[in-house]
Each structure stands twice: as C-alpha cells, then as structure tokens.
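All remarks here apply to the structure that follows.
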Amino acid sequence: MKKICVKILGNEKTQFIAIPVFSILLSLIVGMVIIGAMGKYPLTAYMNLLQGSGLMPKPNYSAYQGMLTDFTSFLNMLTPMMFAALSVAVAQKAGLFNIGVSGQMLAAGFIATVTVGYSELPAAVAKPLVLLIGIVVGMLVGALVGFLKYRFNINEVVSTIMINYIVQYLTSFFINTRYIDEISRQSKAVSRASRLTLMQVPIGNLKVDLPLCIILAVLIAILMKFLLDRTSLGFEIKAVGSNRNAARYAGISVGKTMVVSMMISGALAGLAGVTYYMGYLESIQPKVLASTGFDAIAVALLGNNNPIGIIFSSFLITGVTKGSSYMSAASGIETEIASVITGLILLFSACSAFIRYEVKKWKTELEEAERRNPDVKNNH
C-alpha cells in the first residue's frame, strides 16, 4: 500500500497536481458515505450535480432550454468567482488576508450601476466603461486597506471587515432612498447595454445567457501567473509575503509593496463585483454581501493560491454550488449537502501538507529498506 501511494504521489514534479486530486477524491468518497447514510444513491446525487451545472444532460428540458443553457449559466456564475479568488490569492501572496472582497465587489458594482447601468450609453461604450469603473473603484478601496496597513499598522482583516459594513449600509441607504424597485425590493435593473452578460441569445432553438468576461477571467489568471512568477514586482510581493524583515533587509519597500498588492487585489475584486452585479445579476439586494467574496477564500485555498490552480478550483466549487439546486429537486437531498461536500473538499485539501509529509516519510523508509535489503523491494 505504501509503495502504491509513493508511486502515485511521491514524484515531486507532479505532486502539485497529484496530491490535490487525491484529496478531492477522498472528500468525494466521504461525501458518498454521508449521502449513502441518508438512504440516497451517491452516484445519482453526483450525476445530478453535474446535470445542474450543464456538464451532463438532464432527462428533459423546458422550452428553449438545454444542456447548453445550463452550462452558459454555470459559466456566468463562474466568472465573478474566478476574479474574486484571484483577488484573495494576490493578497495572500503578499502575506495579507483580504476578507473584504465582498465589500469591494459591492462598492464596484454599486458605483458602476448608478453611473453606467442607469445611463443611456450604447453597449460599445457602456460595457468597457463598466469594467474600467470596476477596476478603479476596487483599486481605490484596496489602496485604502494597504495604506492603513502601511501607515498605521491596522490589521487588514479588521479594516476590510469594517469597510464591508460601511459599504454594505451606505449602498443600502442609497438603494432604499433613490434606486429601489418597489416590486422586487432590490435596486432597479441595469440596462441591457451595460450588462456584461448577453441575455437570452438565440442559438438554434435555445436561448442562452452568454457571459462576456469568462475569457477575460482566464486571461487575467494567466497574466497574474506571469506577474507573480516572471516579474520583479511578483518577486517583491512573494518576498514580502514570505518574510517582511528579510525583504526589507534586501532593499524592498515593504510598505509600497503591500499597498500595490492590495491595489491589484482590489482591482480584481472590482472586476468580480461588476461581473456579478452587472453580469450574473442585474440588480443589488440591499444589506446583503455576496457570498462569492467569502467562498473565494475557500477557492483560493483549494487552488493553493496559484492563479492556474484557481481556474480549476473555481470550476469545481462553482459546479458543486450551481448543481445543488437540481440535485435537491432530482434526488430529494437537501441543498446544504452541497456545502458539506465543499467543506469536505477544503478539509482534505488543507491536509495536503500532511499528506505530502507522510508520502515523503514513506518514500524515505522504502528507499532505506531497499538499500539494506534489495529483496525488500519486491515484498512491499
């Protein structure tokens, strides 16, 4: 058994993929046990999750609906999640914990809504302007957090939580007093020209919602990977995140790097905000922060704060979340089970360092045993 584990997980060049995949498989197996203990069929439940996300066909569809409509809706939900998780990851690389992604999302989404979403600008102008506003607003909020950390040593967790509350209640005040929709009790819907999702686009006999920024999210993930691994700024960010004293001794401006890191993190959170409130949704619910900003912390953890890993972890977590409603309807399993599965994935992923340690220890034991007695090689 040890020999098999070492063979599969012991290669240091492939461990960054093999161990997370192994952790996810373990979590899915435990999830199957829990679902089975409820008297349900685990494989059917997992199939329903895939069907709800448009990754497998459903038995039947209503008019103008199909597997493609479910999949594009899934991509629409995936887009802000990727931006939000990248925001968390960049801050983490600098040793900062940006728990205020939801607040930064809301600030960017609200400003873009009232300035462009309610205007009569044509789509060719409105859509790029929405993205620009999202970047600028998120960057300004992030810069404030970084400045408070640098100038007054205010812990970023405290400042971002406080900013979350400030943004939450300020936007709620303005929505309820100026922009409220009396029927939905949410903010008035933004114009179709400004929305970052093309709604009800006819493709064959289907009507699908096409997220315009999903490719942009993937490209920015690749850009963040390049920035962190191939540029001097990326080196400084990681150096500050690893050891601030050593970075300062090496001549790196720690304060400046923290501010810049939070500006980049905030810009990504702003993109998450506009793609969420003016893409996936078309309005803002007062006094509510998007759960996407908090789920993004888990997604970044699962992706090991690696921008490329985040693409895949976002896909996985969003798939479980998106498919939970259909799983509940088709299998009679409570939607909260999807959260349990997500929690299990994160729990086992958090144990990846322990798994790596155990595999390394087993590998050393096997190598020592083989050196002492070559015949042992064939007995394990």
* Structure fact -> Counting only DSSP loop positions in the stretch 153-230, the chymotrypsin sites (Phe, Trp or Tyr not before Pro) whose Cβ has at most 12 other Cβ atoms within 10 Å are none
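Give, as a single signed number, the net charge of other residues whose beta carbon lies under 9 Å from the beta carbon of residue 198, with Lys and Arg counted +1 and Asp and Glu -1. Mind dumping the intermediate values first?
Numbers: positive: 192, 195; negative: 209.
Charge balance in the 9 Å sphere: +1.
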* Among the lysines, which fall within straight-line cross-link reach of residue 360, defined as a Cα-Cα distance under 16 Å, with same-chain neighbours fewer than 8 residues apart omitted? -> 2, 3, 7, 13
* Asked: How high is the relative contact order of the chain, in percent, counting Cα pairs under 8 Å that sit 6 or more residues apart?
  -> 33 percent
* To do: Could you list the residues of the stretch 313-357 with an amide nitrogen less than 14 Å from a label point located 7 Å from the Cα of residue 38 in the Cα-to-C-beta direction?
  => 321, 323-344
* Sequence-distant lysines (8 or more away, or on other chains) whose Cα lies within less than 23 Å of residue 149 -> 93, 238, 256
* **Residue order for 127, 7 - accessible surface, 1.4 angstrom probe, largest first** => 7, 127
* Return a whole-number percent for the relative contact order of the stretch 268-345, with Cα pairs under 8 Å and 6 or more residues apart as the contact set. => 16 percent
* What is the sum of charges around residue 12, taking Lys and Arg as +1, Asp and Glu as -1, for the other residues whose C-beta is under 12 Å from the C-beta of residue 12? -> +4
* Asked: Which percent of the accessible area of the stretch 266-374 is formed by carbon and sulfur heavy atoms (probe 1.4 angstrom)?
  -> 58 percent
* To do: May I ask for the net charge around residue 177, where only other residues with Cβ less than 15 Å from the Cβ of residue 177 are counted and Lys, Arg are +1 while Asp, Glu are -1?
  => +2
* **Hits among lysines - C-alpha to C-alpha of residue 58 under 17 Å, sequence gap 8 or more where chains match** => 207, 322
* Structure fact -> With the 8 Å Cα cutoff and a minimum separation of six or more residues, the stretch 103-197 has a relative contact order in percent of 44 percent
* Asked: Of (i) 80, 62, 34; (ii) 91, 58, 34; (iii) 58, 57, 41, which one was derived for Cα extents along the principal axes in Å from the structure shown?
  -> (i)
* Asked: For the chain, what does -39500 (n - 2.57) per DSSP helix run (n ≥ 4), summed and divided by total residues, give at 222 nm, in deg cm²/dmol to the nearest 500?
  -> -23000 deg cm²/dmol
* **Accessible surface, the chain, averaged per residue in Å² (probe 1.4 Å)** => 50 Å²
* Structure fact -> Sorted by chain and then number, the residues having a modelled amide H within less than 5 Å of the amide H of residue 203, at least 5 places away or on another chain, are 208
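The values are calculated or read from the model by the stated rules, or taken from the named source; none is laboratory data. This structure is a prediction, so every number in the text was calculated from the model and none was measured. Positions of Cβ are generated from backbone atoms using ideal geometry, with glycine treated the same way; all protein chains shown enter the neighbour counts. Note: accessible area is taken over every heavy atom of the protein model, side chains too, but ligands, DNA and RNA are not part of it. Shrake-Rupley method; radii C 1.70, N 1.55, O 1.52, S 1.80 Å.
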